[in-house]
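Engineer: Dropping the structure in here first, questions after.
The values are calculated or read from the model by the stated rules, or taken from the named source; none is laboratory data. None of these values were measured; they are calculated from a predicted model. Glycine gets a Cβ as well: all are built from the backbone with ideal geometry, and neighbour counts include every protein chain shown. Just so you know, the surface numbers come from the protein's heavy atoms only, side chains and all, with ligands and any DNA or RNA stripped out. Shrake-Rupley method; radii C 1.70, N 1.55, O 1.52, S 1.80 Å.
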Amino acid sequence: MSDATQSPSPAKSAGSLFLVTAPSGAGKSSLVKALMEKMPGIELSISTTTRAPRPGEENGREYYFTDRETFLEASIMGEFLETAEVFGNMYGTSKKWVEQKMAAGIDVLLEIDYQGALQIKEIFPQAVGIFILPPTLDTLEERLNKRGQDSQETIQKRTLGAKNEIAQAPHFEYIIINDVFTTALDELCAVVTASRLRFSKQEARHRDIFSRLGIHS
């Protein structure tokens with residue numbers, strides 16, 4: 001029996017699953033970091049990737065870095081909840097880790113590209129999809145340049161690719177436009193709070209109260 005079979009389904013788990021997606025440069029990572037500092041009870045899922053670490057990144061903090069052969073072996077063994085290839089690099093999310101956290105009542109947040117998010121939505125329809133948009137494509141390119149982590153060739157590729165990524169926004173329940181950072185952060189916090197108050201999550205977290213009040217789903 002697989003780990004996925006043994007674990008409760010996300011719909012019956014007390015923890016919520018948040019999928020945060022954005023084109024590179026939209027400010028997704030900054031918003032997620034601020035959210036984690038502001039709201040307790042959320043853990044960030046760390047993906048496995050075959051891309052090389054950027055300056056300042058550490059294995060096990062931003063990503064688990066591995067080679068392509070090892071990644072593909074793990075994928076064949078069914079260890080990933082989803083996999084995606086972005087700009088020639090593979091990314092994957094640990095199925096076992098996510099399910100265990102949610103079963104324990106911990107909210108899990110994935111910073112993930114739209115391909116992976118849509119894969120997960122097929123398996124876990126109640127996952128909360130959040131798409132972060134830039135106010136304009138010019139703003140996006142400007143932020144990528146200011147970040148100073150990529151070559152001009154890579155920045156141009158990411159800017160062109162952003163149009164295709166942005167076209168996927170209708171597949172997500174919530175859209176946040178990151179123009180003013182503090183406003184976008186407040187909106188992201190509001191989505192998390194509202195999602196935690198859904199009937200299924202409140203029932204899973206407060207079974208004793210629901211039982212005393214005679215509430216049954």
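Engineer: Have a look at Thr159, Thr193 and point out the one that is of a type in the set (S, T, N, Q), part of a helix (DSSP H, G or I) and more than 18 Å from the chain's Cα centre (by Cα).
Structural biologist: Thr159
Engineer: Would you point out which residue out of Ala127, Ala190, Ala117, Ala184 is within 25 Å of Met36 (Cα to Cα), of a type in the set (Gly, Ala, Ser) and open to solvent by 50 Å² or more (accessible area, probe 1.4 Å)? Break it down stepwise before answering.
Structural biologist: Details: Ala127 fails: open to solvent by 50 Å² or more (accessible area, probe 1.4 Å); Ala117 fails: open to solvent by 50 Å² or more (accessible area, probe 1.4 Å); Ala184 fails: open to solvent by 50 Å² or more (accessible area, probe 1.4 Å).
Within the list Ala127, Ala190, Ala117, Ala184, the selection yields Ala190.
Engineer: Considering Met102, Met39, Met90, which residue is in contact (Cβ under 8 Å) with a residue 12 or more places away in the chain, open to solvent by less than 70 Å² (accessible area, probe 1.4 Å) and over 25 Å from Val192 (Cα atoms)? Steps first, please.
Structural biologist: Details: Met102 fails: over 25 Å from Val192 (Cα atoms); Met39 fails: over 25 Å from Val192 (Cα atoms).
Just one listed residue meets the conditions, Met90.
Engineer: Give Ile132, Ile209, Ile215, Ile176 a once-over and let me know the one that is at pLDDT 85 or above, aliphatic (A, V, I, L, M) and assigned to a helix (DSSP H, G or I). Let's see the steps before the verdict.
Structural biologist: On the way: Ile132 fails: assigned to a helix (DSSP H, G or I); Ile215 fails: assigned to a helix (DSSP H, G or I); Ile176 fails: assigned to a helix (DSSP H, G or I).
The match here is Ile209.
Engineer: Within segment 19-29, does at least one residue satisfy the condition of being of a type in the set (A, V, I, L, M), closer than 20 Å to Lys201 by Cα and at pLDDT 90 or above? Let's see the steps before the verdict.
Structural biologist: Within segment 19-29, the subset of a type in the set (A, V, I, L, M) is 19-20, 22, 26.
With closer than 20 Å to Lys201 by Cα added as a condition, the list becomes 19-20.
Going one step further and asking which of them are at pLDDT 90 or above, we end up with 19-20.
Yes, segment 19-29 contains a residue that is of a type in the set (A, V, I, L, M), closer than 20 Å to Lys201 by Cα and at pLDDT 90 or above.
Engineer: Could you grab the pairs with beta carbons closer than 7 Å, sequence gap of 6+ or different chains, first residue in segment 191-206 and farther than 14 Å from Tyr174 by Cβ, second one part of a helix (DSSP H, G or I) and open to solvent by 50 Å² or more (accessible area, probe 1.4 Å)?
Structural biologist: Filtered contacts from segment 191-206: Ala204/Lys12.
Engineer: Within segment 141-181, count every residue that is without any contact (Cβ under 8 Å) to a residue 12 or more places away in the chain, under 30 Å from Pro125 (Cα atoms) and open to solvent by less than 90 Å² (accessible area, probe 1.4 Å).
Structural biologist: Of the residues in that region, 2 qualify.
Engineer: Would you call Glu85 open to solvent by 60 Å² or more (accessible area, probe 1.4 Å) and modelled with pLDDT of 90 or more?
Structural biologist: Working: open to solvent by 60 Å² or more (accessible area, probe 1.4 Å): yes; modelled with pLDDT of 90 or more: no.
Answer is no for this residue.
Engineer: Going by the conditions given, is Leu197 surrounded by 15 or more Cβ atoms within 10 Å (Cβ to Cβ) and either on the phi < 0 side of the Ramachandran plot or not aromatic (Phe, Trp, Tyr) (or both)? Spell out the reasoning first.
Structural biologist: On the way: surrounded by 15 or more Cβ atoms within 10 Å (Cβ to Cβ): no; either on the phi < 0 side of the Ramachandran plot or not aromatic (Phe, Trp, Tyr) (or both): yes.
When the stated conditions are applied, Leu197 does not pass them.
Engineer: If Pro53 passes every condition in (1) over 17 Å from Val128 (Cα atoms); (2) in contact with a strand residue (DSSP E or B) (Cβ under 7 Å, 6 or more places away or on another chain); (3) at pLDDT below 90 but one, which one does it miss?
Structural biologist: Pro53 satisfies every listed condition except (3).
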